[in-house]
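Take a look at the structure set out below.
The values are calculated or read from the model by the stated rules, or taken from the named source; none is laboratory data. Note that the coordinates shown come from a computational prediction; the quantities given were computed from them, not determined experimentally. Cβ coordinates were reconstructed from backbone atoms using ideal geometry, including for glycine residues, and neighbour counts include every protein chain displayed.
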Amino acid sequence: MTLADAEPELLASFERTIAANDRIEPRDWMPEKYRSTLVRQIAQHAHSEIIGMQPEGNWITRAPSLRRKAILLAKVQDEAGHGLYLYAAAETLGITRDELVQRLLDGRQKYSSIFNYPTLSWADMGTVGWLVDGAAIVNQVPLCRSSYGPYARAMIRICKEESFHQRQGFEILYTLARGTPAQRDMAQDAVNRWWYPSLAMFGPPDAQSTHTGQSMAWGIKRFSNDDLRQRFVDMCVPQSAVLGLTLPDEALTWNEERGHYDFTRPDFEELGRVIRGDGPCNAERIERRQHAHADGAWVREAALAHAAKAAAGTGDDVEPAPVR
Amino acid sequence: MTDLWEVFVRPRRGLAHTHVGSVHAPDAAMALRNARDVYTRRQEGVSIWVVPAHTITASSPDEKDAFFDPAADKIYRHPTFYPVPDDAEHL
């Protein structure tokens with residue numbers, strides 16, 4: 001029996017697993033399109049975590065207190081960890097880490113458009129936590145039930161850690177909103193700048209989304225872009241009232257009939273421009289990542305050389321250092 | 001190119017090590033350190049194993065039905081197979 005003969009049966013078995021809401025695991029047969037869609041989505045997500053360290057890393061040395069600095073450091077370290085969980089999940093699909101890193105560095109794979117906006121003030125650290133991580137959580141919680149096992153398991157770890165990210169951001173804004181008039185203005189200005197880019201994080205409207213239909217049928221995605229965006233708006237409105245800050249949308253009103261807030265859509269043409277590379281920080285982000293990768297080359301080479309020497313038994317310092 | 005290591009963490013004493021993911025590292029000592037940094041930032045474990053991914057032998061999912069078949073028709077291995085009289089206790 002050739003592979004082509006076996007394929008209808010393999011596909012039927014795959015479809016049965018999906019229909020039963022069971023998980024697909026790395027060594028299972030899967031349609032090539034399922035595999036490539038997952039590689040694209042998981043890689044995009046991993047790259048977002050890695051690039052996402054930059055806008056916040058920008059503020060570590062300028063955090064207003066030791067407490068805030070320690071928290072921000074821990075958060076940025078988490079983003080690196082999230083990137084690594086996701087790279088590990090992507091690698092189970094047969095692509096190598098080196099290839100994934102290379103595709104980010106040369107622009108063949110994307111990262112979330114949100115990280116191409118600058119973080120101009122300390123209040124941006126609060127707003128990124130509250131809105132950007134808040135939007136990420138709304139996107140990510142349903143992915144904990146994604147049909148691909150390793151992806152779903154990585155998302156469970158990530159979601160547990162993200163809620164700290166969102167709360168620390170909310171706390172920063174809550175504190176600023178009760179501070180001096182200048183601190184309050186700084187908080188409001190940050191919310192004004194980040195609101196629409198955060199809404200755009202959910203992607204194009206359903207009618208224009210090229211991937212949604214197939215991804216939902218395969219259980220890679222569980223809800224449409226517009227549904228998740230609405231859920232996010234409905235969560236943020238009462239939270240903004242607690243903060244005492246306003247969301248920059250005069251059309252924002254409760255719609256009794258729909259049971260949801262009506263709101264102004266983000267500028268999807270702007271989203272398209274930023275995705276295509278024409279955002280405020282696209283060039284800076286990638287250049288920074290390329291430099292960091294090149295600057296770290298000697299460390300990777302030294303570690304490999306040390307391992308090779310130890311394996312050959314020719315070094316004096318072959319005993320591995322004890323792990324703390 | 002560094003090796004791929006599978007990571008297993010014992011969440012606390014009394015529990016078995018559980019697979020949590022993988023890391024890249026040039027040697028075992030670095031793999032342990034990387035695994036600690038990536039998978040136990042919140043005290044998720046008291047012990048870590050790292051295993052070179054290429055040394056793991058796994059059953060093939062393609063033959064899973066045939067491979068696990070011998071267990072399928074031996075329902076008498078389960079206690080629920082046996083009817084128990086109503087008045088028999090602690091059985």
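Would you say A:Gln44 is within 12 Å of another protein chain (Cβ to nearest Cβ), of a type in the set (S, T, N, Q), closer than 18 Å to A:Arg289 by Cα and out of contact with any Cys (no Cβ under 8 Å at 6 or more places or on another chain)? Spelling it out, it is not the case that A:Gln44 is within 12 Å of another protein chain (Cβ to nearest Cβ), of a type in the set (S, T, N, Q), closer than 18 Å to A:Arg289 by Cα and out of contact with any Cys (no Cβ under 8 Å at 6 or more places or on another chain). Filtering region B:19-32 to residues that are of a type outside the set (A, V, I, L, M, F, W, C), within 7 Å of chain A (Cβ to nearest Cβ) and within 21 Å of the chain's Cα centre (by Cα) leaves B:Gly21, B:Ser22, B:His24.
For region A:274-293, the condition holds for no residue, the condition being that it is in contact with a strand residue (DSSP E or B) (Cβ under 9 Å, 6 or more places away or on another chain) and modelled with pLDDT under 95. All conditions but one from (1) surrounded by fewer than 23 Cβ atoms within 10 Å (Cβ to Cβ); (2) in a helix (DSSP H, G or I); (3) more than 11 Å from chain B (Cβ to nearest Cβ) apply to A:Asp133; the one that does not is (1). On the given criteria, is A:Leu143 touching a Gly at 6+ places or on another chain (Cβ under 9 Å) and either under 20 Å from A:Phe202 (Cβ atoms) or part of a helix (DSSP H, G or I) (or both)? Here the answer is no, as A:Leu143 does not meet what is asked. Out of the residues in region A:97-124 that are of a type in the set (A, V, I, L, M) and out of contact with any helix residue (DSSP H, G or I) (no Cβ under 6 Å at 6 or more places or on another chain), which is nearest to B:Pro26 (Cα to Cα)? Ranking the qualifying residues of region A:97-124, first place goes to A:Val101. Summed over region A:266-291, the residues that are loosely packed, with under 13 Cβ neighbours inside 10 Å and either free of Cβ contacts under 8 Å to residues at least 24 places away in the same chain or within 14 Å of another protein chain (Cβ to nearest Cβ) (or both) give a count of 6. Elements of the type strands (runs of 3 or more DSSP E) sitting completely within chain B and holding at least 1 residues that are without any contact (Cβ under 8 Å) to a residue 12 or more places away in the chain: these cover B:18-25. Restricting region A:174-219 to residues that are part of a loop (DSSP other than H, G, I, E, B) and small (Gly, Ala, Ser), the residue that is modelled with the highest pLDDT is A:Gly179.
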